[in-house]
Amino acid sequence: MNLSIKAKLTLSLSAIAAILLVSATISVLEYAKMSSYVSDLIADDVKSLNTAHKLSDICNKYNLDILAVIGDDFYAELPEFDQAYFLSHCDSLRTSLKSNVIQPLTDSVVYSCSAYVLTSLELENVLDSYFIDSRSWYFNRLQPGFETLTSDIDALETAIYRDLEKNSKTFERGFYRSIIPGIVAVGVGLLLVIMLLFFMLSYYVNPLYKMLDSLDGFRSFDKKYTYTFEGDDELVRLNEGITEVTSENLKLRRRLRDLKAKEHNELESDKP
């Protein structure tokens, strides 16, 4: 199929534009997909981390309230622990975090919380008893359960921190991965531009210069226009046209010179 110069240039530039457009679209879609997914994971980690901090604050406050009651000989009322509220936060951690590492840690917090609360319910009987030292009960029986609970919460927070760090690194890696198609496209585009430049220099610019040189030789020195090159586009047709026109013009010049020479000879012969 013979393509015109306009068609060849249009096709070449369209190919470059298509590659850049497709790669840019892939980069944008990849980044949007990755950003949405990882952003949701990071948001869940931050939310879960705040929930874990809240659990720790609830336990610390309850434990300090028990210590305050024990230290007060005339306590007004016993502190209350909203276990349902605490467990609802644990359930939210289970639903928001699907990690195989975090799930068992959440279960450990639930179990240690249940054990701690169950032990803390002995407080009223301890305070009413004349045989049980409340401070000894607090430090020897209740405090170990509290330490286990806080240790489990700390382990849960550490696991959430690690998951957050992992997701942040995933986000960073995903960002660089999403721009790879764009970088590849730019490299391919530059390569195509260089190839297009080489193509234009080889098949259009250099032939034009040689056509001009041959045409200058024809005009200035009456040399025959002999430049030829292979091809099937308008430039070849133009060169063939110039060759034909210059050949006819050269023949016409020679005829004119021959006529002038003949007239000059005839004039010389008619002189006495």
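The values are calculated or read from the model by the stated rules, or taken from the named source; none is laboratory data. This one's a predicted model, so the numbers in the text were calculated from it and none came from an experiment. Cβ: placed from backbone, ideal geometry, glycine included. Neighbour counts: every protein chain shown.
In this structure, is residue 204 farther than 30 Å from residue 14 by Cα and either surrounded by 12 or more Cβ atoms within 10 Å (Cβ to Cβ) or touching a Phe, Trp or Tyr at 6+ places or on another chain (Cβ under 6 Å) (or both)?
It is false that residue 204 is farther than 30 Å from residue 14 by Cα and either surrounded by 12 or more Cβ atoms within 10 Å (Cβ to Cβ) or touching a Phe, Trp or Tyr at 6+ places or on another chain (Cβ under 6 Å) (or both).
If the Cβ limit is 7 Å and pairs must be 6+ apart or interchain, which residue in the range 113-142 that is among the basic types (Lys, Arg) pairs with which residue that is surrounded by 12 or more Cβ atoms within 10 Å (Cβ to Cβ)?
That search, which allows pairs on different chains as well, returns 135/70; 141/119.
Return yes or no: is residue 72 closer than 30 Å to residue 126 by Cβ and either in contact with a Phe, Trp or Tyr (Cβ under 6 Å, 6 or more places away or on another chain) or modelled with pLDDT under 80 (or both)?
yes
Among the residues of the range 204-217, what is the count of those that are more than 11 Å from residue 242 (Cα to Cα) and either not in a helix (DSSP H, G or I) or not basic (Lys, Arg) (or both)?
Count: 9.
What pairs come out if I take residues in the range 199-218 that are within 14 Å of residue 229 (Cβ to Cβ) and assigned by TED's automatic domain parsing to the domain that holds residue 238 and pair them with residues that are of a type in the set (Asp, Glu) and surrounded by 12 or more Cβ atoms within 10 Å (Cβ to Cβ) whose C-beta lies under 8 Å away, six or more apart or interchain?
none
Considering (1) loosely packed, with under 13 Cβ neighbours inside 10 Å; (2) outside any helix (DSSP H, G or I), say which one residue 231 fails and leave the rest.
(1)
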